[in-house]
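Colleague: Below is the structure I would like to discuss, written out as structure tokens.
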Ligand code: GLU
């Protein structure tokens with residue numbers, strides 16, 4: 001089925017590594033307004049596949065913060081920690097078709113290899129054609145080849161040469177956990193996601209995800225990457241940069257600030273208006289074309 005035939009299905013997919021901060025509110029709001037303004041569905045997925053990074057209680061706190069701000073999601077919340085079987089089936093499909101291979105290399109063994117576009121070490125190809133004698137598999141990687149092009153609705157045309165810019169990437173990690181890149185592709189496909197709206201920190205992951213969609217025969221969604229909120233030192237707001245929880249602010253003020261951040265022009269008194277008025281203004285006036293074509297921008301003072 002083509003994207004147009006499916007009807008718009010969007011999603012917000014926070015990782016429960018801490019409370020919702022201004023940066024994640026921006027991603028929630030942008031994806032929500034795009035979906036609702038296109039009469040679409042908006043699904044919620046808790047991305048707790050990376051269990052060592054999951055903070056107990058964070059997922060419930062995120063859900064209650066979204067609720068407090070007036071977000072309404074469709075259907076049941078999906079939890080990645082409950083979807084291991086689906087990820088294993090996808091890996092089996094990739095393995096059987098020869099797209100995934102076992103890898104014995106340790107991080108130390110790759111320390112001298114060339115850098116990929118994101119600054120990580122590019123896989124030197126050691127185990128591509130079979131494990132070296134006497135070594136056993138630690139992880140599974142995708143044989144990454146070819147050029148991936150896509151047209152991002154906000155950031156414009158993108159292109160990545162998988163072998164040069166990324167290298168063979170991990171889908172099953174050495175600690176036994178499935179990698180985010182695989183989980184997100186399997187989950188978006190299972191949920192019938194037609195449009196992915198998220199932060200531009202994931203722009204560079206998109207080619208890897210499109211490649212997996214192609215290998216798995218999944219429908220490729222449309223992508224739109226929003227500017228990521230940073231502090232004054234240009235660091236992404238996160239737990240590591242001590243971003244404040246958005247709950248420290250009245251919801252109407254936080255949502256109004258997020259609308260402004262996304263290039264919309266809400267009246268200043270909207271920040272103290274009842275929540276229903278904020279949503280009604282946002283749904284009437286939302287224009288994706290006004291979202292700045294930036295990878296990041298400084299969050300407003302009040303955050
Ligand atoms: N879980 C990711 C994050 O919180 C988002 C993944 C996605 O939207 O594809 O940054």
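The numbers here are math on the coordinates, done by the rules we state, and not lab data. Here the structure is a predicted model, which means the values were calculated and not measured. Don't worry about glycine lacking a Cβ; one is built from the backbone with ideal geometry, like all the others, and counts go over all protein chains shown.
Colleague: Can you sort 178, 71 so the residue with the fewest Cβ neighbours within 10 Å comes first?
Modeller: With the sparsest Cβ surroundings first, the list reads 71, 178.
Colleague: Tell me, 195, 296 in order of fewest to most beta-carbon neighbours within 10 Å?
Modeller: Listing 195, 296 from fewest to most nearby Cβ atoms yields 296, 195.
Colleague: Another question about this same structure. Neighbour counts of other C-beta atoms within 10 Å: give me 99, 290, 295 arranged from fewest to most.
Modeller: 290, 295, 99
Colleague: What full-extension length gain, to one decimal in nm, is calculated for residue 77 and residue 114 as 0.36 nm per residue of separation minus the Cα-Cα distance?
Modeller: Contour length minus the Cα-Cα distance gives 9.3 nm.
Colleague: Suppose only helical runs count, i.e. DSSP H with n ≥ 4. What mean residue ellipticity at 222 nm does that imply for the chain under -39500 (n - 2.57) per run, divided by all residues and rounded to the nearest 500 deg cm²/dmol?
Modeller: That calculation yields -9500 deg cm²/dmol at 222 nm.
Colleague: Rounded to the nearest 0.05, what FRET efficiency do residue 107 and residue 298 give with R0 = 45 Å and r taken as the Cβ-Cβ distance? Could you check?
Modeller: Values: r = 34 Å, r/R0 = 0.75.
According to the calculation, E is roughly 0.85.
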